[in-house]
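Colleague: After the structure tokens below, expect a handful of questions from me.
Just so it is clear, none of the values below were taken in a lab; they were calculated from the coordinates. All figures in this text were calculated on a predicted structure; none of them were measured in a lab. Every residue, glycine among them, receives a Cβ derived from its backbone with ideal geometry; neighbour counts consider all protein chains shown.
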Amino acid sequence: MENWDAIVIGAGISGMCAASLLAGAGKQVLVLEKQDQIGGRATTLRVKIAGEEYRMDNGSFHAITMADRGALGVTYERGPGLDKLKLGDLQAGMALFREDGWWEMKDLVKGENRDDFKRIVESIASMSYEQAELLDTVSFDSWIRQATRRQNVYDFFRGVIWTLTTIPYPEEVSAGEVLVTIKMSLDSLHRISSGTFGLGGSINLVKPLAEFIISREGEMRTGMRASRILIRKGEVRGVAVDRPLLGVGYQYPETQEIGSSLVIFSVPIWDLFEFASPTEFPSWFVNTIRSYKSPLPFSACTMGINFFMAEPTLKDTHHRVAFSLSHSKLSHQCSVVSASDPSVAPLGREWISVGGGYLKEEERADRSKINIAFEALEEDLKVMYPQIFKGRILARARRLAWVIDGLKRSPYYTGRHRLPHKAPGVRGLFLAGDTVQTRGCGIDAAARSGVLCAGAVLGENIPTFRVSK
């Protein structure tokens with residue numbers, strides 16, 4: 001049987017960050033990925049639109065909220081080197097659509113609103129992280145309403161949490177999650193919030209990590225599905241994998257066992273019992289994981305539209321949001337993907353990505369209701385973005401997708417209320433990914449979990465962001 005110092009199941013951002021940090025600490029690491037390429041939701045696909053090639057991420061929202069000062073930057077600094085981390089510029093700003101049109105978010109907190117805004121930001125900056133984490137049990141809505149009675153200030157922070165958590169409802173988000181994330185951003189960038197993206201697609205954030213792991217005598221094996229975590233007498237002994245099938249027709253997969261006393265499971269936590277028997281773990285741990293089948297983010301189905309324009313129409317890198325549109329009654333996010341990263345679209349073309357919020361349970365299974373919802377969304381967009389419909393649209397693509405963005409961010413589901421990185425009851429089994437303890441949004445949250453997991457393995461308190469001097 002071949003043996004490795006560590007085996008990582010899953011080559012998404014969290015698994016790759018953990019593997020890279022372990023490789024940098026001198027461990028020989030094997031990464032197993034059932035798909036044909038690494039990256040998970042950070043895989044970038046080349047797609048033909050109107051006869052031209054675009055690069056599209058497999059996931060729907062891959063913000064890096066603290067740029068190179070966040071968890072990904074920490075991982076690169078200890079591994080491939082920060083010079084290998086290719087990120088776009090920080091987004092210039094945010095805009096909010098209201099009944100009277102578009103507002104620059106920064107204009108909401110000027111004039112008579114400034115004192116409230118300044119006081120709230122100063123209170124967040126002066127909090128300790130421990131104090132902020134105590135607020136994981138209350139909603140951000142209740143916290144912010146105690147802090148201000150000014151609607152503009154409330155709407156400013158509501159827009160911020162929409163982008164930080166992908167949840168537009170402050171009453172469904174824990175205050176601790178928002179406050180810790182904002183505080184990290186203040187400490188690292190001196191900004192309340194800002195995002196950027198990996199140049200050329202998110203896959204380019206994963207490739208240097210893979211190269212670094214291989215340079216340290218590790219290995220990446222794609223198209224190889226882990227089928228079972230080998231556990232004997234309460235200790236990890238390795239992983240069983242199914243060999244890739246060759247040829248055509250039905251074949252029964254051959255199983256191979258690979259040895260290691262350390263396994264990192266970076267697949268969503270609710271799938272753990274497909275790899276290991278529940279009897280290996282304490283009952284509280286089993287019951288907690290089983291309860292997580294419900295708190296997927298709203299069990300959410302999102303709808304949106306991609307517009308591929310012959311020439312630039314919106315022309316800016318603002319992140320645009322709305323809380324409730326008049327026709328569709330949906331929440332809304334929009335970004336000009338090609339403005340943030342021109343390399344994802346052909347020269348001179350513009351790619352606008354519009355998210356239309358979350359469909360209700362009764363609408364998801366009814367095709368006619370889905371079509372009605374899309375038509376209502378387009379009516380809203382004609383009001384919000386008349387320049388799109390006056391321009392030359394090369395193609396438009398409606399999208400309907402299940403959101404798998406970790407767990408809900410509601411009170412009692414964030415911070416230390418989530419499962420720890422060390423699995424109880426089984427020595428040598430660790431957990432990573434945005435379904436266990438982490439903070440933040442998108443790639444930054446996934447990377448942060450990988451860093452925390454590696455720290456738990458190594459017995460080291462690895463920082464998950466870099467403080468600005």
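Colleague: Test of the criteria: in the stretch 39-143, which trypsin sites (Lys or Arg not before Pro) are in a DSSP loop and have at most 11 other Cβ atoms within 10 angstrom of their Cβ?
Modeller: Those that pass, being in a loop and sparsely packed, are 110.
Colleague: I've got another one for you. Given the C-alpha centroids of the stretch 404-469 and the stretch 1-76, what is the distance between them in whole angstrom?
Modeller: 16 Å
Colleague: Now for a separate question. Under 16 Å Cα-Cα from residue 469, which lysines qualify once same-chain neighbours fewer than 8 residues away are excluded?
Modeller: Candidates past the 8-residue exclusion: 183.
Colleague: Rg to Rh ratio, the stretch 106-189, alpha-carbon atoms and Kirkwood radius?
Modeller: 0.93
Colleague: Return the FRET efficiency for the residue pair residue 316, residue 427: r is the Cβ-Cβ distance, R0 is 35 Å, and the value is rounded to the nearest 0.05.
Modeller: Values: r = 53 Å, r/R0 = 1.51.
Step by step, r from the Cβ atoms, then E = 0.10.
Colleague: Below 8 Å between Cα atoms, with a sequence gap of 6+, how large is the relative contact order for the stretch 1-47 in percent?
Modeller: Over the stretch 1-47, the number comes to 45 percent.
Colleague: Using mean Cβ contacts within 10 Å as the protection proxy, how do 8-14, 377-383 order, highest first?
Modeller: In descending order of packing, they fall as 8-14, 377-383.
Colleague: With charges only on Cβ, +1 for K and R and -1 for D and E, what is the dipole size of the chain about its Cα centre, in debye, rounded to 20?
Modeller: With Lys and Arg at +1 and Asp and Glu at -1, about 120 debye.
Colleague: With an 8 Å cut-off on Cα pairs and a minimum separation of 6 or more residues, tell me the relative contact order of the stretch 301-402 in percent. Could you put the intermediate results ahead of the total?
Modeller: On the way: 190 pairs, mean separation 44.3, N = 102.
Rounded, it is 43 percent for the stretch 301-402.
Colleague: In addition: In the stretch 73-139, which chymotrypsin sites (Phe, Trp or Tyr not before Pro) are in a loop and have at most 14 other Cβ atoms within 10 Å, using DSSP for the loop call?
Modeller: none
Colleague: Could you tell me what percent of the DSSP beta bridges with both partners in the chain are antiparallel, to the nearest 5? Write down the numbers at each step before the final one.
Modeller: Working: 49 of 69 bridges.
The antiparallel fraction comes to roughly 70 percent.
Colleague: Another one. Identify all aspartates and glutamates with a Cα-Cα distance to residue 110 below 18 Å; exclude those on the same chain that are fewer than 8 residues away in sequence.
Modeller: 100, 122, 155
Colleague: Over the chain, calculate the relative contact order: mean separation of alpha carbon pairs under 8 Å at least 6 apart, over the residue count, as a percent.
Modeller: Value for the chain: 25 percent.
Colleague: Which residues does a label at residue 119 reach in the stretch 149-170, if reach means a backbone N under 11 Å from a point 7 Å past the Cα toward the Cβ?
Modeller: 149-150
Colleague: For a quick protection proxy, order the peptides 389-398, 138-147, 180-189 by their average other-Cβ count within 10 Å, most packed first.
Modeller: 180-189, 138-147, 389-398
Colleague: Shifting gears a bit: Taking the chain as the reference, fit the longest principal axis to its C-alpha atoms, fit the long axis of helix 13-24 to the helix C-alpha atoms, and give the angle between the two in degrees, 0 to 90, nearest 10.
Modeller: Result, in degrees: 50.
Colleague: Additional query: Between beta-carbons, use under 13 Å as the cut-off and find the net charge around residue 132, counting Lys and Arg +1, Asp and Glu -1.
Modeller: -2
Colleague: What translational D, rounded to a whole number of µm²/s, comes out for the stretch 301-402 from Stokes-Einstein when the hydrodynamic radius is the Kirkwood one over Cα pairs, at 37 °C and 0.692 mPa s?
Modeller: Here the translational diffusion coefficient equals 235 µm²/s.
Colleague: Towards the positive end of the charge dipole of the chain, with charges on Cβ (+1 Lys, Arg; -1 Asp, Glu), say which of 351, 304, 45 has the farthest Cα.
Modeller: Comparing the listed Cα positions along the dipole, 45 ranks first.
Colleague: On to the next question. Distance check, please: which entries in 207/382; 86/329; 34/369; 118/408; 207/233 exceed 32 angstrom between their Cα atoms? Can you show the working numbers first?
Modeller: On the way: 207/382 40 Å; 86/329 38 Å; 34/369 35 Å; 118/408 29 Å; 207/233 37 Å.
Exceeds cut-off: 207/382; 86/329; 34/369; 207/233.
Colleague: Then there's this: Put a dot 7 Å past each Cα toward the Cβ at residue 232 and residue 84; how far apart are the dots in nm?
Modeller: 3.6 nm
Colleague: How large is the direction-averaged shadow of the alpha-carbon convex hull of the chain, in nm²?
Modeller: Numbers: hull surface 94.9 nm².
If I average the Cα hull's projected area over directions, I get 23.7 nm².
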